[in-house]
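What follows is calculated from the coordinates using simple rules that are stated; it is not laboratory data. Every value quoted in this text rests on a predicted model; they were computed, and no experiment measured them.
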Amino acid sequence: MADDVDVCAICADNCIVNSKVIKCKLCVKSFHPVCVGLKDLNCKYLCEFDNLISFCDNCKQVGNSSVTKSHMLILQKEIECLNREKDIQAKLISEPQSSLELHNSNPIRYKKSSVRQKVLLLQ
């Protein structure tokens, strides 16, 4: 077997080059998304966004010392934000009238200050 071929740490099968592979950020082991029970949508996010990271179950257990709970909470919040952003984008595309309503109901307004910097003002 070639040295550059990843092997799933759970099923010990090769990770095909064109298939999606999840790598643990700490131990750098490779996993098939199916083997770790990862849903297609979550796998897509992990593969698309470089700033999202994943940990295998073993590293999660050890992670209480290596990866603090606050880091995990931050990652969970980021995933939640991405999901909300995706939902809003889908709504904006599918419902043009809703886009206008959403724009008009936005509580954030921009105003130029004396030094011509944009400052967020909440109404």
Using alpha-carbon positions, the gyration tensor of the range 1-64 gives root eigenvalues a ≥ b ≥ c; with a/c under 1.5 called rounded, otherwise prolate if a/b exceeds b/c, else oblate, the class is oblate
Full extension between Lys44 and Lys69 adds, at 0.36 nm per residue less the Cα distance, a length in nm of 6.6 nm
